[in-house]
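Some notes on the structure that comes next.
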Amino acid sequence: MTDKVNGRARPAAGERTSADGCAGADGPPLAGVTVLELGTMYAAPTAGRMLRDFGARVVKVEDPATGDYARHWTPQHEGLALGFARLNAGKESVGIDLRQPAGRDLVRRLAARVDVVLESFRPGRLEEWGLGYDVLAADNPGLVLTRVSGFGQTGPYRERPGFGTVAETASGYAFTNGWPDSPPTSPPFGFADSIAGISAAYGTVTTLLARSRTGLGDVVDVALYEPLMFILGDMILRYTSTGEVQQRVGNGSGSASPRGIYPAGDGRWLSIAASSQRIALRLFEAMGHPEFADDPRFATNTARMEHNDELQGIVAAWVAARPRAEVLADLDRHEVVAAPVNDARDVVEDPHFRERTLVDLAGTVLGPALVPGPILHLGGYPGPVYDGVPEIGEHTEPALRELLALSPAELAGLGAERVVGPLRAGVR
């Protein structure tokens, strides 16, 4: 049983495909790439998931006793943290205690056998452990070391700790997010972490491409705040060229009108983005006000911005007069850019998202569950299967046997010293 993605077959939940867990005769684009993930929480594991989505093998190193701290976050269902499940399905978990020299030695040896090491420790920690890039690259010149940290590996703030909330405030995002009379606002999800993780995956693949020409790896240095600062648009350019500090403008863009989120007559919400001249004119037609095209208050975007409050009131009143479905149908007929403001139920029940975007997360205690799939689609690659979330150290024994050729006796000795674990009872 299959779904269709870009016209190609995608395996349904639980359907077995190639050994790397991905379908398609052509093979996934990152087939053969092995990633050693030392990252925890959100940003680095997001990068690991992005790489795994396109066929990389991701071996996740966790503390044998506690695992990735994200395992303890809420919300949870049947003892499984939903955020951890979303980012780590399909990865292998190897339990290694990095606080012990023997554990760090194992990681060094593993780094010599992989293509990418992905880490999110505070800058300088790997170097303190004798695992800096100079050491790892001496053993493996083609290694890509992708580093995600709060403020980056260089600069005056490099040693500061940083989580997503700090990145969202330091970057300028929180200051510009919200309404003029509301306080600066951060989002209720890992926004900065996710953007940084996607950027780290992009940097990793870029460096792997360069390695294909030179044979040499490199360091990818991602600060949590920098990708977020980049997507803030013209905030910095605006200040440095005009001296203007961008302020909060609510749901408007501050640069085009009409644009915003409006309640319909049934209490449901929708968005309209008439951000170009042609779309604005089509909106006026849909509203039954074609004469606005010649009205000096609304004829151009500059004029509309000067009379934005007045125009927004007119649009809001038109939307509020009817149920959301009717308004959206009118907007669709006039090719106005608009969409419902969806909650989770709306997304799951939407046929477009069910066909293109949402995929099954199988083999877990969550039961029948869906997660967003890869963030982009390739015509020649049908996408991964998300089947199972690893237990802490579930793959310690098979991964270390395969990658380092450790014998059962060596594994048992490391297990007895609690350097690795947990091990199956049969390891002697």
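Pairs linking a residue in the range 297-310 that is in contact (Cβ under 8 Å) with a residue 40 or more places away in the chain to a residue that is part of a helix (DSSP H, G or I) and crowded, with 17+ Cβ neighbours inside 10 Å, with Cβ atoms under 8 Å and 6 or more positions apart or on different chains, are Asn301/Ala280; Arg304/Ala280; Arg304/Leu311.
Among the residues of the range 371-380, is there at least one that is surrounded by fewer than 18 Cβ atoms within 10 Å (Cβ to Cβ), closer than 17 Å to Val94 by Cα, aliphatic (A, V, I, L, M) and out of contact with any strand residue (DSSP E or B) (no Cβ under 6 Å at 6 or more places or on another chain)? Looking through the range 371-380, none of the residues is surrounded by fewer than 18 Cβ atoms within 10 Å (Cβ to Cβ), closer than 17 Å to Val94 by Cα, aliphatic (A, V, I, L, M) and out of contact with any strand residue (DSSP E or B) (no Cβ under 6 Å at 6 or more places or on another chain). Number of residues in the range 127-174 that are closer than 20 Å to Leu209 by Cα and basic (Lys, Arg) equals 1. The one condition from (1) of a type outside the set (S, T, N, Q); (2) surrounded by 13 or more Cβ atoms within 10 Å (Cβ to Cβ); (3) touching a residue at least 60 places away in the same chain (Cβ under 8 Å) that Gly215 does not meet is (2).
Taking the numbered list (1) among the basic types (Lys, Arg); (2) under 30 Å from Val347 (Cα atoms); (3) in contact with a His (Cβ under 7 Å, 6 or more places away or on another chain) in turn, Arg324 passes all entries but (3). Among the residues of the range 134-147, those identified as over 15 Å from Glu37 (Cα atoms) and in a helix (DSSP H, G or I) are Asp134, Val135, Ala137, Ala138, Asp139.
Residues checked against (1) over 30 Å from Phe230 (Cα atoms); (2) touching a helix residue (DSSP H, G or I) at 6+ places or on another chain (Cβ under 6 Å); (3) in the same structural domain as Asp193 (by TED's automatic domain parsing); (4) buried (at least 16 other Cβ atoms within 10 Å of the Cβ):
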{"site": "Glu78", "(1), (2), (3), (4)": "yes, no, yes, no"}
{"site": "Ala89", "(1), (2), (3), (4)": "no, no, yes, yes"}
{"site": "Ile96", "(1), (2), (3), (4)": "yes, yes, yes, yes"}
{"site": "Val114", "(1), (2), (3), (4)": "yes, no, yes, yes"}
{"site": "Val135", "(1), (2), (3), (4)": "yes, no, yes, no"}
{"site": "Val144", "(1), (2), (3), (4)": "no, yes, yes, yes"}
{"site": "Phe151", "(1), (2), (3), (4)": "no, no, yes, yes"}
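Checked across the range 232-243, the condition of being surrounded by 14 or more Cβ atoms within 10 Å (Cβ to Cβ), closer than 30 Å to Thr40 by Cβ and modelled with pLDDT under 95 holds for at least one residue.
Among the residues of the range 52-109, those that are within 23 Å of Gly132 (Cβ to Cβ), part of a helix (DSSP H, G or I) and not aliphatic (A, V, I, L, M) comprise Pro101, Gly103, Arg104, Asp105, Arg108, Arg109. Within the range 400-409, does at least one residue satisfy the condition of being of a type in the set (A, V, I, L, M, F, W, C), surrounded by 13 or more Cβ atoms within 10 Å (Cβ to Cβ), at pLDDT 95 or above and in contact with a Ser or Thr (Cβ under 7 Å, 6 or more places away or on another chain)? The answer is no, given that none of the residues of the range 400-409 is of a type in the set (A, V, I, L, M, F, W, C), surrounded by 13 or more Cβ atoms within 10 Å (Cβ to Cβ), at pLDDT 95 or above and in contact with a Ser or Thr (Cβ under 7 Å, 6 or more places away or on another chain).
For the range 327-359, name all the residues that are touching a residue at least 40 places away in the same chain (Cβ under 8 Å), closer than 24 Å to Gly265 by Cβ and assigned to a helix (DSSP H, G or I). So that I can check it myself, show each step before the final result.
Of all residues in the range 327-359, those touching a residue at least 40 places away in the same chain (Cβ under 8 Å) come to 327-328, 330-331, 333-341, 355-356, 359.
Checking which are closer than 24 Å to Gly265 by Cβ leaves us with 327-328, 330-331, 333-341.
Within the range 327-359, Val327, Leu328, Asp330, Leu331, Arg333 meet the criteria.
Can you tell me how many residues in the range 264-296 are assigned to a helix (DSSP H, G or I), of a type in the set (Lys, Arg) and in contact (Cβ under 8 Å) with a residue 24 or more places away in the chain? The qualifying residues number 1.
For Gly130, indicate whether it is closer than 30 Å to Val245 by Cβ and either under 18 Å from the mean Cα position of the chain (by Cα) or not hydroxyl-bearing (Ser, Thr, Tyr) (or both). Let's see the steps before the verdict.
Values: closer than 30 Å to Val245 by Cβ: no; either under 18 Å from the mean Cα position of the chain (by Cα) or not hydroxyl-bearing (Ser, Thr, Tyr) (or both): yes.
Answer is no for this residue.
Among residues that are surrounded by fewer than 17 Cβ atoms within 10 Å (Cβ to Cβ), acidic (Asp, Glu) and modelled with pLDDT of 95 or more, Asp343 is not included. Mind checking whether some residue in the range 15-24 is at pLDDT 95 or above and buried (at least 20 other Cβ atoms within 10 Å of the Cβ)? Within the range 15-24 (the criterion being at pLDDT 95 or above and buried (at least 20 other Cβ atoms within 10 Å of the Cβ)), the answer is no, since none of the residues qualifies. Would the range 201-210 turn up any residue that is surrounded by fewer than 13 Cβ atoms within 10 Å (Cβ to Cβ) and either outside any loop (DSSP other than H, G, I, E, B) or among the basic types (Lys, Arg) (or both)? Checked against the condition, which is being surrounded by fewer than 13 Cβ atoms within 10 Å (Cβ to Cβ) and either outside any loop (DSSP other than H, G, I, E, B) or among the basic types (Lys, Arg) (or both), the range 201-210 yields at least one hit.
The values are calculated or read from the model by the stated rules, or taken from the named source; none is laboratory data. Bear in mind the structure is a predicted one, so any value in this text is a computation, not a measurement. As a convention, Cβ positions derive from the backbone with ideal geometry for all residues, glycine included, and neighbour counts pool all protein chains shown.
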